[in-house]
Amino acid sequence: MIEHSDIIDENIIQEGSDVLFLLDTKRTFLINIKKGEKLHTHKGFIQNEDLIGKKYGKKVLSSLGYEFVALKPTIYDYIKKARRSTQIIYPKDIALIVVYSNIGPGSRVVEAGTGSGALTCALAHYVKPNGRVYSYEVREEFLPKARKNLKKAHVLEYVELKNKDIISGIFESNLDAVILDLATPWLVIQRAYTALRGSGCIVSFSPTIEQVVKTVIELEKNEFVGIVTIECIMRKIRVKEGATRPETLMHGHSGYITYARKAFKKSNDLKPLF
Ligand SMILES: C[S@@+](CC[C@H](N)C(=O)[O-])C[C@H]1O[C@@H](n2cnc3c(N)ncnc32)[C@H](O)[C@@H]1O
């Protein structure tokens with residue numbers, strides 16, 4: 001029987017908990033709380049121990065008197081702090097990929113390439129606890145960093161990292177979604193079609209229009225339907241009473257997202273329904 005005292009309150013910081021210390025929106029520090037250790041910043045240090053037993057959301061002062069807020073990290077925080085060995089997909093695009101691929105708890109998803117694992121972290125976060133992400137990466141040297149990023153985000157157990165070239169085969173079947181972020185997505189479309197269940201979703205992210213055109217042609221050839229390509233342009237707004245306006249600088253371009261659904265090929269006995 002579970003004793004009341006055994007239940008861990010997820011809102012209380014414990015030894016081993018992750019904490020995002022927020023100084024302001026541009027300066028945050030993600031650490032794992034360990035007794036006897038300090039977080040050192042240019043605004044002074046914070047003793048880890050002082051947080052144990054406190055609620056997330058607590059304000060603390062550094063040794064130099066600066067106020068930090070101890071927040072519970074979100075999947076967005078883990079992605080932002082991911083170590084990079086490749087270009088990663090930005091959260092604005094990840095959000096759309098998650099919606100267009102319709103993934104949720106229990107979904108089975110194939111993804112390629114893993115790269116730094118930023119997108120993989122998000123996919124795993126949404127398919128847990130009983131779904132699975134099969135992530136293909138052709139370059140073995142990228143996998144250790146991706147594995148570390150997944151471990152830090154506490155989602156490694158929902159991911160199967162595969163050092164394989166996805167063009168040479170997808171070994172899973174009846175998938176809910178296939179998600180592509182690699183240089184030649186059009187070479188994967190036929191295999192993705194076979195691996196998906198009827199009505200399953202494919203989403204492809206590409207930085208250039210040439211890649212998009214080749215991918216869409218291949219989707220059309222392979223009986224995918226509802227093919228749409230979009231670009232998401234995001235502007236941050238600086239909010240200040242009497243002076244609210246968009247920030248002067250913005251990210252100009254990340255990539256295009258193409259999504260589609262698998263339809264079955266027309267059978268010879270196709271008749272109108274009355
Ligand atoms: C832009 S990175 C992916 C970044 C990743 N989406 C992220 O958010 O961290 C593209 C990756 O695709 C991998 N790749 C390219 N062709 C591949 C293939 N045929 N099979 C598997 N991985 C491939 C590359 O090695 C590279 O790591």
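Here is how the numbers come out for the structure above:
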| read-out | value |
| --- | --- |
| Isotropic mean projected area of the C-alpha convex hull, the stretch 123-193 (nm²) | 4.9 nm² |
| Peptides ranked, highest mean first, by Cβ atoms within 10 Å: ranges 263-273, 156-166, 23-33 | 156-166, 23-33, 263-273 |
| Separation in nanometres of the label points that stand 7 Å from Cα toward Cβ, at residue 184 and residue 58 | 5.5 nm |
| Dipole moment magnitude, nearest 20 debye, the chain about Cα centre, only Lys, Arg, Asp, Glu C-beta charged | 500 debye |
| Tilt relative to the chain, helix 118-127 - C-alpha long axis, 0 to 90 degrees, to 10 | 80 degrees |
| Degrees between helix 209-221 axis and first principal axis of the chain (Cα, 0 to 90, nearest 10) | 50 degrees |
| Relative contact order, percent, the chain [alpha-carbon distance under 8 Å, six or more residues apart] | 12 percent |
| Packing rank of 64-75, 212-223, where each peptide gets the mean count of other beta carbons within 10 Å, highest leading | 212-223, 64-75 |
| Fraction of the pair-distance distribution of the chain above 27 Å, Cα-Cα pairs, percent | 50 percent |
| Per principal axis, descending, Cα span of the stretch 1-120 in whole Å | 47, 45, 21 |
| Protein accessible area in the stretch 12-73, 1.4 Å probe - carbon and sulfur % | 51 percent |
| Of 193, 205, 171, farthest towards positive along the dipole that unit charges on Lys, Arg, Asp, Glu beta carbons give the chain | 205 |
| Heavy-atom surface of the stretch 12-73, accessible at 1.4 Å and reported per residue (Å²) | 57 Å² |
| Principal-axis tilt of helix 143-152 within the chain, Cα atoms, nearest 10 degrees | 50 degrees |
| Cα pair distances in the stretch 12-73, grouped into 10 Å bins until the bin that holds the longest one, percent each | 25, 64, 12 |
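The values are calculated or read from the model by the stated rules, or taken from the named source; none is laboratory data. Nothing here was measured: the structure is a model prediction, and the numbers come from that model. Because the Cβ atoms are built from the backbone with ideal geometry, glycine has one as well, and the counts that use them run over all protein chains shown. Side chains are part of the model used for accessible areas, which takes the heavy atoms of the whole protein and leaves out ligands, DNA and RNA. Shrake-Rupley method; radii C 1.70, N 1.55, O 1.52, S 1.80 Å.
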